[in-house]
1. Being free of Cβ contacts under 8 Å to residues at least 60 places away in the same chain, assigned to a strand (DSSP E or B) and out of contact with any Leu (no Cβ under 6 Å at 6 or more places or on another chain) is the requirement here; does Leu242 meet it?
2. Return the residue satisfying two criteria in turn: it lies in the range 51-96 and is over 18 Å from the mean Cα position of the chain (by Cα) and charged (D, E, K, R), and of such residues it is surrounded by the fewest Cβ atoms within 10 Å (Cβ to Cβ).
3. Enumerate the pairs (first residue in the range 158-177 and in contact (Cβ under 8 Å) with a residue 12 or more places away in the chain and within 22 Å of Val217 (Cα to Cα); second residue anywhere and among the hydroxyl-bearing types (Ser, Thr, Tyr) and outside any strand (DSSP E or B)) with beta-carbon separation below 9 Å, excluding pairs fewer than 6 apart on the same chain, so at least 6 apart or on different chains.
4. Asp172 - would you say it is of a type in the set (Asp, Glu) and not in a loop (DSSP other than H, G, I, E, B)?
5. If I ask for residues that are within 23 Å of Arg201 (Cα to Cα) and more than 22 Å from the chain's Cα centre (by Cα), which ones from the range 239-255 would you list?
6. Write out, first by first residue and then by second, each pair whose Cβ atoms fall under 7 Å of each other, whose residues are 6+ apart or on separate chains, and whose first residue, in the range 140-155, is touching a residue at least 12 places away in the same chain (Cβ under 8 Å) while the second is surrounded by 19 or more Cβ atoms within 10 Å (Cβ to Cβ) and of a type in the set (S, T, N, Q).
7. Assuming Ala237 fulfils every condition listed in (1) touching a residue at least 40 places away in the same chain (Cβ under 8 Å); (2) assigned to a strand (DSSP E or B) apart from one, which condition is it?
8. Quick one: which helices (runs of 4 or more DSSP H) lie wholly within the range 30-125 and hold at least 2 residues that are at pLDDT 90 or above?
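The values are calculated or read from the model by the stated rules, or taken from the named source; none is laboratory data. No experiment lies behind these values; they were computed from the predicted model shown. Virtual Cβ from ideal backbone geometry, glycine too; neighbours counted across all protein chains shown.
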Amino acid sequence: MPEPRIPHISTNGKTLLTITDSYVDPDFAARYAAAVDEAPYNALYERPAMLALLPPVADRHILDAGCGGGWYAAQLVGRGANVTAIDASAALVEHARRRLSSFLTGDSARLRVRVANLAEPLAFLTDASVDGVVSPLVLHYLEDWRPTLREIRRVLKPGGWLLLSTHHPGADAARFPSSPYYETQLVEDDWKWVGKVKFYRRPLTEIASALTDVGFVIERLVEPRPTEAFRLIDPDAYRRLLQQPEFLIVRARVS
């Protein structure tokens, strides 16, 4: 596939990465949406660990920040939440709408799905209007998390929470050994099941600092263990994950 181009926007004069063109490309988005639910690292590793840390969501307004094909939005609505699901990729949003069509045809107030970029202000959400935010494997596409985290903090109610997953800094350090660990750096990886993707790797210190700098308190920091179902499908990868976690999960609250 062609080398992905990185679109940018300008916020207060500063250029920020929004999302790789890979996800914006309809063909790439179709491959991703078709494969991600069966990909063991997602279905049997990241997702179970995220759901284990999910606070109660019934009758709460939850923002699915980076909804992709809509799997998390479906889980949240199924648990009784009122969900606003957003993604920067219009192609993935269309996949999400198809997955979530049964929810969209009923009580439409329970679910809203729209194109929106986390590198831009969340102008469609008012201050203190959201009870919780789920952001699965999304923030590593942003160079600086702070502008996005400030917006998330703005829309969260007092005591509101953020549950996010991202690449584990140790795994990225091992995968890109020539990259200085303490720098935030744009890298490219080839995911064999979907294609080439660019993202930012960063140290653990930067992840924690970005959250605390804008007023979050970290409640839980989890290096997930692969599930038994994962072991049955890919025992070699299961053993590798026990020695080097691939993802990091953080739950934080507004201070």
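1. Judged against the criteria, Leu242 is not a match.
2. The residue in question is Asp59.
3. These pairs meet every condition: Pro169/Tyr181; Pro169/Thr205.
4. The answer is yes for Asp172.
5. Arg240, Leu242, Gln243
6. So the pair list comes out as His140/Thr166; Tyr141/Thr20; Leu142/Thr148.
7. Status for Ala237: all satisfied but (2).
8. Passing ranges, in order: 47-52, 71-78, 90-99.
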